[in-house]
Amino acid sequence: MALPPATRMHELWHADPVARARDVLRARDPSIVDTQIAISEIEAPTGEEHRRGAWVADRFRTIGLADVRVDEACNVVGRRAGATHDAPVVICAHLDTVFPLGTTVRVRRSGQRLEGPGIGDNGRGLAALLALAEVIDGVHLRTRAPVDFVATTGEEGTGDLRGAKHIFATSARNAGAAIALDGAGDERVVHRALGSRRFRITFRGSGGHSWTAFGVPNAVHAAAIAAAKLARIVVPVDPRTTLSVGRIGGGIAVNAIPDDAWFEVDLRSTATTMLDRYEREIHVAARAGADEENARRHRNTAELSVGVARIGDRPGGETAPEHPLVTLAMEATRVVGREPELATASTDANVPISRGIPAIAIGAGGRGGDAHSPTEWFDNTDGHTGLARALAIVVGAAGLDDSGITLLR
């Protein structure tokens, strides 16, 4: 008869190789934080991750990962061989931040508290990725299945999960499981992928002087009409859905009828059916904005044109709460003395989940806040606890060699 998950996790937690690795992580805690600071002080806006990626690739090689490479999406990939050639477990952390080039990224330290752009999201995830790659060394701690360590690109904003989409469509398309390390924390288990679609709506016309050309269709007016229509849409609470206009612009001067205008829309939902429904509503509102403005134009003036472009598409889905990977993560959370919280979020794990690969996202220990702001902070109190939890999840998913302990199979 199969042992219950809590019993198997207890066996894994106290197995000699895992216990030794936990001790190593605890002893290396200060140097792991130093690594976190060093990573965070390398600028890496979405689309400009190459310097940080090169730094991580050098560390992968120093740690002794095999087949270290930078793929076509600029992901940095390395493998720790397992005892078998089973489907690999992929552990990933994203390289990019939301902060543009030129941002002051120096990290300030006050005791256990660090403050600086990206120190948690995702300096912490990358530091944890490197720490786990070092203790899962293939000698003192060897897994049954191989473990692929991946530093991904394009996770934030308009990156549209570019790196994750590439890796899980190519070399990791047959992965046995995937775990994304994203930010701080040691309680949440993100098993539900929040789907999102992003759109840029553009209006174009002839424009002209605000006095002498009055009556020519105004592109900004059309954009404002369409945005107002979207603002009046009532979206459902269950399944939870959100729709917001995030940016708007157009025109060249206060005394000119603008010949172009644009706005961008962020649509999110836990249900694909809602994404489909409100994508149609976005098209309807855009067309209505152009039609209403064109209806007011003077005769013999050119109509506005309107275009709707999808600029982002993050797939949704779910790894079921009863799936062995989720129960493994929950038991690992309990074994470190925390109460697990099942959660919904948009992370690199969206991609493998949408492709039918069991996947979750977790924090990498410590506490943090003010993400995506210059005052982002990270507190490393008990940070090693989150690293130990991540270690147990990865080893539990890949299996511990020579022990017969595996929590997924």
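The values are calculated or read from the model by the stated rules, or taken from the named source; none is laboratory data. Computed from a prediction, not measured in an experiment: that's the story for all the values here. In this analysis, Cβ positions are derived from the backbone assuming ideal geometry, glycine residues included, and neighbour counts consider all displayed protein chains.
Looking at the structure I just gave you, is Ala309 in the same structural domain as Gly208 (by TED's automatic domain parsing), touching a residue at least 60 places away in the same chain (Cβ under 8 Å), outside any helix (DSSP H, G or I) and of a type in the set (Gly, Ala, Ser)?
yes
Hey, can you tell me all the residues within segment 17-47 that are surrounded by 17 or more Cβ atoms within 10 Å (Cβ to Cβ), under 22 Å from the mean Cα position of the chain (by Cα) and either of a type outside the set (Val, Ile, Thr) or assigned to a helix (DSSP H, G or I) (or both)?
Those that are surrounded by 17 or more Cβ atoms within 10 Å (Cβ to Cβ), under 22 Å from the mean Cα position of the chain (by Cα) and either of a type outside the set (Val, Ile, Thr) or assigned to a helix (DSSP H, G or I) (or both): Ile32, Val33, Thr35, Gln36, Ile37, Ile39, Ser40, Glu41, Glu43, Ala44, Pro45.
In segment 198-218, which residues are farther than 15 Å from Arg297 by Cα and surrounded by fewer than 24 Cβ atoms within 10 Å (Cβ to Cβ)?
Residues satisfying the conditions are Arg198, Phe199, Arg200, Thr202.
Examine segment 129-149 for a residue that is of a type in the set (Gly, Ala, Ser), surrounded by fewer than 22 Cβ atoms within 10 Å (Cβ to Cβ) and at pLDDT below 95, and state whether such a residue exists.
No, that holds for no residue.
Just give me the residues in segment 329-353 being under 15 Å from Thr152 (Cβ atoms) and surrounded by fewer than 21 Cβ atoms within 10 Å (Cβ to Cβ), in sequence order.
Ser346
Out of all the residues in segment 48-74, which are in a helix (DSSP H, G or I), among the β-branched types (Val, Ile, Thr) and over 14 Å from Asn122 (Cβ atoms)?
Quick first cut of segment 48-74, residues in a helix (DSSP H, G or I) only: 50-63.
Keeping just the survivors that are among the β-branched types (Val, Ile, Thr) gives 56, 62-63.
Listed by number, the residues that qualify are Thr62, Ile63.
Just for segment 279-296: of the residues that are surrounded by 21 or more Cβ atoms within 10 Å (Cβ to Cβ) and not aliphatic (A, V, I, L, M), which one is farthest from Ala228 (Cα to Cα)?
Glu293
Among the listed residues Thr319, Thr272, which satisfies the condition of being at pLDDT below 95 and either β-branched (Val, Ile, Thr) or within 34 Å of the chain's Cα centre (by Cα) (or both)?
Working: Thr319 fails: at pLDDT below 95.
It is Thr272.
Of all residues in segment 113-141, count the ones that are over 25 Å from Phe168 (Cβ atoms) and assigned to a loop (DSSP other than H, G, I, E, B).
Number of matching residues: 7.
What number of residues within segment 244-274 are assigned to a helix (DSSP H, G or I) and surrounded by 21 or more Cβ atoms within 10 Å (Cβ to Cβ)?
Taking segment 244-274 as the starting set, the residues that turn out to be assigned to a helix (DSSP H, G or I) are 272-274.
Adding the requirement that they be surrounded by 21 or more Cβ atoms within 10 Å (Cβ to Cβ) leaves 274.
Count: 1.
Out of (1) among the small types (Gly, Ala, Ser); (2) surrounded by 24 or more Cβ atoms within 10 Å (Cβ to Cβ); (3) over 23 Å from Arg8 (Cβ atoms), what's the single condition that is false for Gly369?
Single failed check for Gly369: (2).
Can you pull out the residues in segment 41-98 that are basic (Lys, Arg) and either in contact with a Leu (Cβ under 9 Å, 6 or more places away or on another chain) or not assigned by TED's automatic domain parsing to the domain that holds Ile353 (or both)?
Within segment 41-98, Arg52, Arg59, Arg79, Arg80 meet the criteria.
I'd like the full set of residues that are at pLDDT 95 or above and surrounded by fewer than 24 Cβ atoms within 10 Å (Cβ to Cβ), limited to segment 89-115.
Within segment 89-115, Val98, Phe99, Pro100, Leu101, Gly102, Thr103, Thr104, Val105, Arg106, Val107, Arg108, Glu115 qualify.
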